[in-house]
1. Could you calculate the FRET efficiency of B:Trp58 with A:Ala108 from 1/(1 + (r/R0)^6), where r is the beta carbon distance between them and R0 is 30 Å, rounded to 0.05?
2. Suppose each label sits 7 Å from its Cα in the direction of the beta carbon; what would the B:Arg233-B:Glu254 distance come out to in nanometres?
3. What residues qualify as long-range amide H neighbours of B:Phe485, i.e. H under 5 Å apart, gap of 5 or more or another chain, H built at 1.01 Å from N?
4. Select from the range B:334-431 those chymotrypsin sites (Phe, Trp or Tyr not before Pro) which occupy a DSSP coil region and have at most 13 other Cβ atoms within 10 Å, ordered by residue number.
5. Could you give the length gained on full extension between B:Ala353 and B:Phe81, defined as 0.36 nm per residue of separation minus the Cα-Cα distance, in nm?
6. Using 5 Å bins from zero, what percent of all Cα-Cα pairs in the range A:184-258 falls into each bin?
7. Mind checking B:445-455 for the average number of partner chain beta-carbons within 10 Å of each residue's beta-carbon?
8. With no other cysteine's Cβ closer than 4.7 Å, which Cys residues of chain B count as lacking a disulfide-compatible partner?
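Read-outs throughout are calculated quantities, based only on the coordinates presented, and are distinct from any laboratory measurement. Given the structure is predicted, the values throughout are model-derived calculations rather than measurements. Note: ideal-geometry Cβ built from the backbone for every residue, glycine included; neighbour counts use all protein chains shown.
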Amino acid sequence: MAEHHDIDTVTGTATTGHAWDGIKELNTPLPRWWVICFYLTILWAIGYWIVYPAWPLISSNTGGLLGYSTRASLAVELSDLEKIRGDKMAVLATASLADIEKDPALLALARARGKTVFGDNCAACHGSGATGAKGFPNLNDDDWLWGGTLEQIEQTIRYGARSGNAKAHEGQMLAFGKDGVLKRDEIVAVANYVRSLSGLPTRQGYDAAAGAKIFAENCVACHGDNAKGNPELGAPNLTDQIWLYGSDEVTLIETITNGRAGVMPAWEGRLDPVTIKAMAVYVHSLGGGK
Amino acid sequence: MNQTVKPEDLEPVDTYDPLYAAHKKVYPQSISGTFRRIKWGLMAVCLGIYYFLPFVRWNRGLDAPDQAVLIDFPNRRFYFFFIELWPQEVYYFTGLLIIAAVALFLMNAIGGRIWCGYLCPQTVWTDLFYAVERLVEGDRRERMRRDASGGGLTLRRATEIGLKHTIWLMIAWWTGGAWVLYFSDAPTLVKDLATFQAPVVAYVWIAMLTATTYTLAGHMREQVCVYMCPWPRIQAALTDEWALNVTYRYDRGEQRTSVKKAAELRALGQTAGDCVDCRQCIAVCPTGIDIRDGAQLDCIQCGLCIDACDAVMTKIGRPTRLIGYDNDINIHRREAGKPPIYRLVRARTVAYAAIIAVVGGFMVYTLATRSLLDVNVLHDRNPIAVKLSDGSIRNAYTARVLNKHGFGRLIAIDIEGPANATIHVVGVDSVTPDRPMIVVGRDQTEELRLLVTAPAASNPEKSVPVTFHITDIGLGVVASATDNFVSP
């Protein structure tokens, strides 16, 4: 290069030859320890490439001598976790549902497990507080479509409702209007009759006798003579204050006209039996369990 | 073109004064006397407590740890003889810290740096390390002579150095070892440590404290007091003219002169200073200062110079305590020929003592009257209220019942609040459904899920207070907690 690489008089260090407004840039050499560390990091990187996965190839990557992978490492950690939980979960697996609920330690364990899994799997429909929504039952109350004992809850979680599983709960609310079974004015009459069963106000001048007759002919098969419902068929109690889809006249007319058939997935196969057990205890302990 | 200069020919552009003085090695000489005996005694007491306290046993009954002083982190308990503290009672430590700080101020108001000179771990361990050094490598003069001559590394010398550091490291290791014993059952942990079964964290802590003890007491010594410790600075700001400090009596000591010259002067009826400038006070000083320069930051006021001076004064037949505990006021009074005065009861000593008494009294009172049964209640956030099929309203709560007693207790739960409300504890089939009863194990927290149901008609308001009374059936003790009962 053409520039003069002279020595700065004050520091005794070589300059780069660049000068701006008379100010020269020093070419201070790096400290030796720094340079050594730098080369060591390069050596370290080469060693790292050899023993750990490093370079991407067309369809995979260089595996490294150690055969390490984050996925395998995660699998080991998860299995270690299962081992730590093993003893307790083994007790959960063998204890009956009622015994779990009576033992404070097992109840706490099942509730903790159940709550976590509920958040991951059930909260999407039932809500994080299990309060449900229109069409998705509130699991805190004491009204159960398919029964609220520990065994019934476990059964429902395991096989679901109208889920396609062979053991799933079946039975649905027919579409009386769409299928032409009942006419418009008949539907209005029976809807008002149903409202009267739980003490709700009815439309003035509706035909109560006709409503009762239509109910007796079409509805008692599932909902029962006294309209108290039937958990075998998932038919709700029509005399209480809990309404899955709503109790106003319009909603009832809609329900009777188009029918209802909400789906609860089967969790067997997706969750292990111990987890389903824990979840049943958790849901039962929310307060509404029978 | 610039003139080129070789780096070694350059003049430094600027000179810097170092921020601190270069370390001067201190060779404290051995000494015997009153204050040395006090220091040995306090060292034995302090180290004895520290090293052996974890092995003291205290019977708390079956299933409870029998270690007198134990910080049980995994189970979140702190045991101190008959006291057992739970994490939520950690404020007692705040009280202890306040008392410790004010006690330090009180010591300072009475006798200056008593803490520094006799009780501070840095002083105690450094003192011990100095003793080891003297034992292995010889006293002051021997070591000074050897260091001055440069001395070759003979086999004997190498053995000495090796032995000294080995003993230092043993003491340091024991220091770290004793520390971890406060956090686990000591005999078991000792066995586990010896058989390499102990948790890694125990070894890590021992290693760390071994390193700090060895470094601070073996190598940094007085540098810690002079450069690192904030207390000398705070102490200087807190002290007053009545505080007793290790002081050289100028009125008696000056003019310094030799024994012979002083005798001649006195024979002629003239006055002579008692200080014979033997420099023994400097020789024994663990921080290497001259007390005759007056009170100074480096002086930890350990009183060893008093012992050294007393020994010399006795030998030359002059009154002792040329160096002694005295206050600032007396320095001037003595110079003016007035008798010394002392005042222990002053506004600040009374105030400090009062603070200690009040805080200590409050702690003892709260500790003596604290409830060993407690309950906390938390309302469910989601959902806050549930409507049941018959129209009644239910609220759910999580209750934590704390039994701090060393035995299990049968408790009953009553509620007071919404009219005609009933209570149910999830998982409990009580024989008395209206008043659920449960057993809470010894030294345990029982978490309960409480369901309170009120008929719809009885609850016109959106939110009414509900109080949970937890009654110990056996002792009749009641603990209560209040929350709200909400309607949707």
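1. For B:Trp58 and A:Ala108, the calculated efficiency is 0.45.
2. About 3.1 nm, to one decimal.
3. Placed amide hydrogens put B:Val464, B:Val466 under 5 Å from B:Phe485.
4. B:Tyr342, B:Phe407
5. 95.3 nm
6. Once binned at 5 Å, the Cα pair distances of the range A:184-258 give 3, 17, 29, 30, 16, 3, 0, 0.
7. Across B:445-455, the average partner-chain Cβ count within 10 Å equals 2.
8. B:Cys46, B:Cys116, B:Cys120, B:Cys225, B:Cys229, B:Cys275, B:Cys278, B:Cys285, B:Cys299, B:Cys302, B:Cys309, each lacking another Cys Cβ under 4.7 Å.
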